[in-house]
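S.K.: Attaching a single structure in structure tokens format; questions to follow.
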Amino acid sequence: MRAAIAARRHGADVLVLDERAAPGGQIWRDVETPAFGDARTLGDDYAHGASLVAEFRSCGAQYRPGTLVWDVSRDRVLRIAGDPGAHSVEATRIVVASGAIERPFPVPGWTLPGVVAAGGAQALLKSAALVPAGPVVLAGTGALLLLLAWQYLRLGVPLAAVLETTPRGSAWRSAARLPGALAAGGYVVKGLRMLHAIRSAGVMHLRGVQALRALGERRLERVEYRAQGRDAAIDAQLLLLHQGVVPDVNLTMALGCAHDWDAGQLCLRPRTDAWGNTDIEGVALAGDGAGIAGAACAGLAGELSGLEAAHRLGRIGRAERDRLAAAPRAALARSLRVRPFLEALHRPRDDDRVPRGDDVIVCRCEEVRAGTVRAEIARGAADPNAIKSRTRCGMGPCQGRYCGLTVTEMIAAARGMAQDAVGYFRIRPPIKPIPLADLLALDRGEAPPEVALPGTRAQAPVQR
Amino acid sequence: MFVRHATAAAAATLTIIVDGREVQVPAGVSVAAALLGAGAVVLGAAPVSGRPRGPWCLMGTCFGCLVEIDGVPDERACAVTVRDAMRIVLTPAAAAPAPACDPWGPGA
């Protein structure tokens, strides 16, 4: 949204393709039509999204909701599905804001009905005002987990337990990074407020939780764990898991952008310069899809990429671009100072990323277990694509989004290799499943794209 | 598993048909939210093992919430908004070796 607003301010013709039905992404999901009537029910950070969305709606960008971009070529042709008028769009400049997804959390039983990603539960809260119906356990680590707990407590939802896998004392160990965190403004205070709410409500809140397992016959019935040296269990029908978010790299991978392993974030992120430019001419990234930095940073990075787009399209000169970028760049640098602290504080445990047990499901779609993956590594599979072709891991509809990092890290751990050296699944378009009709229409040049949108060149129908 | 909070904004009610059974749901929510809010736990069977499967990411990226909507199979329930008289099928017609899934869970 910020990229569109910034580019529009300087007269660029902007088309925004959004897979979702309304602006806001995941953070400000459905903020225009709040499920509780008043967006402030879910906190000020959420409510503030409404003014950004309103500004976006009125900035003059063309907005196409319900449109999936399933491929982008190096010469900037976007293949789209869900739009009745067009199957492809050609652009002079592209800013990709594909956002983040939940990090995989491969613990025993994580695929049982009743085990849901905390981000998913939060999506239900924002979109449909759904809250847990019975005892709920929140487990893992990360600001989202605490935020969700806070949001539920404000709504009077009882929590059975908050089980943090963050090692005890990690706040102290992260203390060296605290000055940066405090300089970033607001984050530490917000975190403390959430922790206080959990404490005041008398919710069982444990740290240093290990050996999480979800048990049940056909649905979740019980959560087992180890904390403070003792094994324990809680009866529950809903377990919300979360250990951070990671960039959704499937589009940038399909595009062929370079990606690097980020040791602090423990994930792959696309390589960008200070303006969000990738190593592909005319393609830039903004937001968590380029590396996890949170909502405030996403907006600032968006603004910078919008200014860069306006510059590259000849709307503003270099000096003007740099002058306008000074303030957002300074704000971005300031906000980024909290990341080392948060990354240390909420570092997902090694055992929660690389499952020890052989029975743990690594690939949810194809139901491939850790033992199968390890057996192939032992037989010589040294890269994720060998694992993929031998076990089908990563071949399902999610296309490795919820197993790719696990496989890369399993190979790295087993072979003593750096994650960068191991690599990642080869991702090809379509980045999400599309109906065959969409592919056929493209080939036959049916439903010819509408008259060229200003600033884009409509793809000519194929002549046969 | 989930329930609509008492302070949720008022919404019109629609009727959807789930495995042949009429269910009242609020307008404007996703099929996944409607099903979960109505008490569903299991949305279908995992394609490989046939074991009961429920939603995970609820943001359209994990493909764990696939249901048949108005005759079209494998739609992400979390990505489709409910419409009046929408027909949803949770239980796949040809289940794999695992026991048939009861979408409403034990005791529903």
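What follows is calculated from the coordinates using simple rules that are stated; it is not laboratory data. Quantities reported herein were computed from a predicted structural model and do not represent experimental measurements. Note that each Cβ is placed from the backbone with ideal geometry, even for glycine, and that neighbours are counted across all protein chains shown.
S.K.: What number, rounded to the nearest 500 deg cm²/dmol, is the helix-based mean residue ellipticity at 222 nm of chain A, given -39500 (n - 2.57) per DSSP H run of at least four residues and division by all its residues?
M.R.: -10000 deg cm²/dmol
S.K.: For A:129-141, what's the mean count of beta carbons from other chains sitting within 10 Å of each residue's beta carbon?
M.R.: On the way: counts 13, 13, 8, 3, 7, 3, 0, 2, 0, 0, 0, 0, 0.
Counting Cβ atoms of other protein chains within 10 Å of each residue's Cβ and averaging gives 4.
S.K.: Please report, in debye to the nearest 20, how large the charge dipole of the protein assembly as shown is about its Cα centre when each Lys and Arg carries +1 at its beta carbon and each Asp and Glu carries -1 there.
M.R.: Computed about the Cα centre, the dipole is about 1260 debye.
S.K.: Given the peptides B:62-71, A:240-249, A:255-264, arrange them by the average over their residues of other C-beta atoms within 10 Å, most packed first.
M.R.: With the highest mean Cβ count within 10 Å placed first, the list reads A:240-249, B:62-71, A:255-264.
S.K.: Among A:224-233, A:25-34, how do they line up by average Cβ neighbours within 10 Å per residue, starting with the highest?
M.R.: Highest-to-lowest ranking by the protection proxy: A:25-34, A:224-233.
S.K.: Next up: What list of ³J(HN,Hα) couplings, whole Hz, do you get for the stretch A:262-278 from phi and the Karplus terms 6.51, -1.76, 1.60, once you set θ to phi - 60° and write x for glycine and proline?
M.R.: 9, 5, x, 8, 6, 7, 8, 9, x, 7, 9, 8, 5, 9, x, 5, 8
S.K.: Considering the options A:Val96, A:Gly256, A:Ala378, tell which one lies farthest towards the positive end of the dipole of chain A, charges being +1 on Lys and Arg and -1 on Asp and Glu at the Cβ, about the Cα centre.
M.R.: A:Ala378
S.K.: Would you work out if the stretch A:359-449 is rounded, prolate or oblate? Take a ≥ b ≥ c from the square roots of the eigenvalues of the alpha-carbon gyration tensor; rounded if a/c is under 1.5, else prolate when a/b is larger than b/c, oblate otherwise.
M.R.: prolate
S.K.: Return the average number of partner chain Cβ atoms within 10 angstrom of each residue Cβ along peptide B:7-18.
M.R.: Details: counts 9, 9, 8, 1, 5, 0, 0, 0, 0, 0, 0, 0.
Mean shielding count: 3.
S.K.: Over the stretch A:115-243, what is the mean sequence separation of C-alpha contacts under 8 Å (at least six apart), divided by residue count, expressed as relative contact order in percent?
M.R.: Value for the stretch A:115-243: 35 percent.
S.K.: Given A:Leu442, A:Leu159, A:Ala118, which one lies farthest toward the positive end of the charge dipole of chain A, if we put +1 on the Cβ of every Lys and Arg and -1 on the Cβ of every Asp and Glu?
M.R.: A:Leu159
S.K.: Per residue of A:351-364, what is the mean number of Cβ atoms on other protein chains within 10 angstrom of that residue's Cβ?
M.R.: Per-residue shielding by partner chains comes out at 1.
S.K.: With point charges of +1 on the Cβ of Lys and Arg and -1 on the Cβ of Asp and Glu, referenced to the Cα centre of the stretch B:16-85, which listed residue (B:Gly50, B:Ala77, B:Leu35) lies farthest in the positive direction of the dipole?
M.R.: The one lying farthest along the dipole's positive direction is B:Gly50.
S.K.: Right, here's the next one. Given the protein assembly as shown, what percent of its DSSP beta bridges are antiparallel, to the nearest 5?
M.R.: The answer is about 65 percent antiparallel.
S.K.: Does a label point 7 Å from the Cα of A:Arg74, set along Cα-to-beta-carbon, have any residues of the stretch A:270-307 with amide nitrogen under 17 Å, and which are they?
M.R.: Answer for this model: A:271, A:278-284.
S.K.: Could you state the number of Å between the C-alpha centres of the stretch A:350-379 and the stretch A:126-149?
M.R.: 27
S.K.: Express in whole angstrom the spacing between the alpha-carbon centres of the stretch B:26-90 and the stretch A:224-276.
M.R.: About 25 Å separates the Cα centre of the stretch B:26-90 from the one of the stretch A:224-276.
S.K.: While we're here: Given Cβ point charges of +1 (Lys, Arg) and -1 (Asp, Glu) and nothing else, what value in debye, to the nearest 20, does the dipole of the stretch A:115-243 about its Cα centre take? Show your work: numbers first, answer last.
M.R.: On the way: 15 positive and 6 negative charges, 75 e Å.
Approximately 360 debye in magnitude.
S.K.: Would the protein assembly as shown count as rounded, prolate or oblate if I go by the C-alpha gyration tensor, calling it rounded below 1.5 in a/c and otherwise prolate when a/b exceeds b/c, oblate otherwise? Spell out each step's value before the answer.
M.R.: On the way: a/c = 1.32, a/b = 1.17, b/c = 1.12.
Note, shape of the protein assembly as shown comes out rounded.
S.K.: Roughly how many whole Å is it from the C-alpha centroid of the stretch A:283-316 to that of the stretch A:83-115?
M.R.: 19
S.K.: If R0 is 22 Å, what FRET efficiency do you get for A:Thr92 and A:Leu436 from their C-beta distance, rounded to 0.05?
M.R.: About 0.10, to the nearest 0.05.
S.K.: Based on the alpha-carbon gyration tensor of the stretch A:115-243 and its eigenvalue square roots a ≥ b ≥ c, which shape applies: rounded if a/c is under 1.5, prolate if not and a/b is larger than b/c, or oblate?
M.R.: Here the stretch A:115-243 falls in the oblate category.
S.K.: Report the paramagnetic label zone for A:Glu224: residues of the stretch A:163-198 whose backbone N is under 20 Å from a point 7 Å from Cα along the Cα-to-Cβ axis.
M.R.: A:163-165
S.K.: Quick one: compute the contact order of chain A, relative version, from alpha carbon pairs under 8 angstrom and 6+ residues apart, as a percent.
M.R.: Reported relative contact order: 20 percent.
S.K.: Would you list which lysines come within 29 Å of A:Lys126, measuring only between C-alpha atoms, while excluding same-chain residues fewer than 8 positions from it?
M.R.: Excluding near neighbours in sequence, the set is A:Lys190, A:Lys432.
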